[in-house]
Each structure stands twice: as C-alpha cells, then as structure tokens.
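Q: This is the structure I want to talk about, given as structure tokens.
What follows is calculated from the coordinates using simple rules that are stated; it is not laboratory data. Keep in mind that what you see is a predicted model, and the values were worked out from it rather than measured. Cβ atoms come from the backbone with ideal geometry, glycine included; neighbour counts cover every protein chain shown.
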Amino acid sequence: MPNVSGSKRGFTLFELLLVVVLIAVLYGVFIGKLSSRPGVAEAQERVTIATIREYLRHFADGEKAVSLVCTEPCERCSVHVGGKEIPETDITLFSKTPTVYRRDAYGRFEPFEFLPVRQKEGGLENVCFSFTLYPNGSSSSYIVELDDTYYLFDAYLQPTRTFAALEEAQSAYNKSELLPDDKRTYDF
C-alpha cells in the first residue's frame, strides 16, 4: 500500500484544460480591448483639421507641449514634442494654405502668420499652420479658414467646432481670454 502523505500529486487532465481555457478567455478579452484602441498609425491615417487635438493626445506625456507643425507649401505636417520633431509622424493635412485668424490686443480678429521654424540643416522653414497642446490641457486658440469652412479652436478643452461664416465663429469664440472688457480702461 503506497504512502499517501508522502506521494507527490500532479495536475489532472481536467485541471490543465481548465487553466488553458481561462488563459484563452483572458487573452481574448484583454488583447481584444487593447487592439481595438486606435494606435498612432491608425490615427495618423484618419487625422483631419477637426481631429488634430485628438491626434496630438497620442503623443502627450503631461510634461511637454505637443505641436503639429505644417511647413510651406503646407503639404507636410509633423508632430513635435518639446520642440523636437518626432520621426515618422508626417501627415498631409492641407491641399492649400489655410488662413488663420487670431485676436489682436484690441480683440479684433486679424489674419495671423506663424514664425518660421529652424530645421536640422540649420535653415529656416516657413510655417503655414501650427497647433499646440500644452501640458496643462489647454491648446492654441484661433479660427482657421479652409475651403469655405471656419474651424474654431478653443483653448479650453472644447472640441473643434465648424461654422459656415467667419462672423459665426467670431461670436462663438471664448471671450474670457480678452483683457478688460470695460472700454473705460482703455485710453482711446
């Protein structure tokens, strides 16, 4: 009669099959969820002017500003994190140069030109469009005109909105960014 207390007991076939089935179920649930979340490559294929903010969130790390910079002739756009270009992030966003309107010191909307950006070769390239997400969650704020549509980029976490007329976009623009609204504070 064998000694029951001293014998080593192995797994039964049923227990091994149960473990394999549990691993397969967990794999199916978790890997399925991970693969259904769009990655940078998939987002890069679907990015439009209205979805720039969501696209840049793929690169945000909470410590550095993330920008989409488009250089003239406005056919090439790339992502910059902390001022440095990220390789293999080139996208084509525009077929022509957009018109960007920004408020001036008096609250009027005026066409705006971006500053040139220094490239690796040491030269400067003209920028036709740039949009930045800052670490605190705010972003660039302006109105972009492209193909008779006006896109309002609000600085305070609101999605990009579209309008048919510049006046509609101007009236929807966040007025809290302006300095005193009381005209008595200005001397003119």
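Q: With an 8 Å Cα cut-off and a minimum separation of 6 or more residues, compute the relative contact order for the stretch 47-181 in percent.
A: Numbers: 255 pairs, mean separation 28.1, N = 135.
It comes to 21 percent, rounded to a whole number.
Q: Around TYR142, which amide H atoms from residues at least 5 apart in sequence, or from another chain, sit under 5 Å from its own amide H, with H modelled in the peptide plane?
A: Here the answer is PHE153, since their amide H atoms fall under 5 Å of that of TYR142.
Q: Follow-up question, since we're still on this one. Within 10 Å, count the other beta carbons around each residue, average over each peptide in 107-117, 58-68, and list them highest first. Mind dumping the intermediate values first?
A: Working: 107-117: 12.2, 58-68: 16.1.
The peptides rank, most packed first, as 58-68, 107-117.
Q: For labels at LYS84 and PHE14 in the simple 7 Å Cα→Cβ model, what's the distance in nm?
A: 5.9
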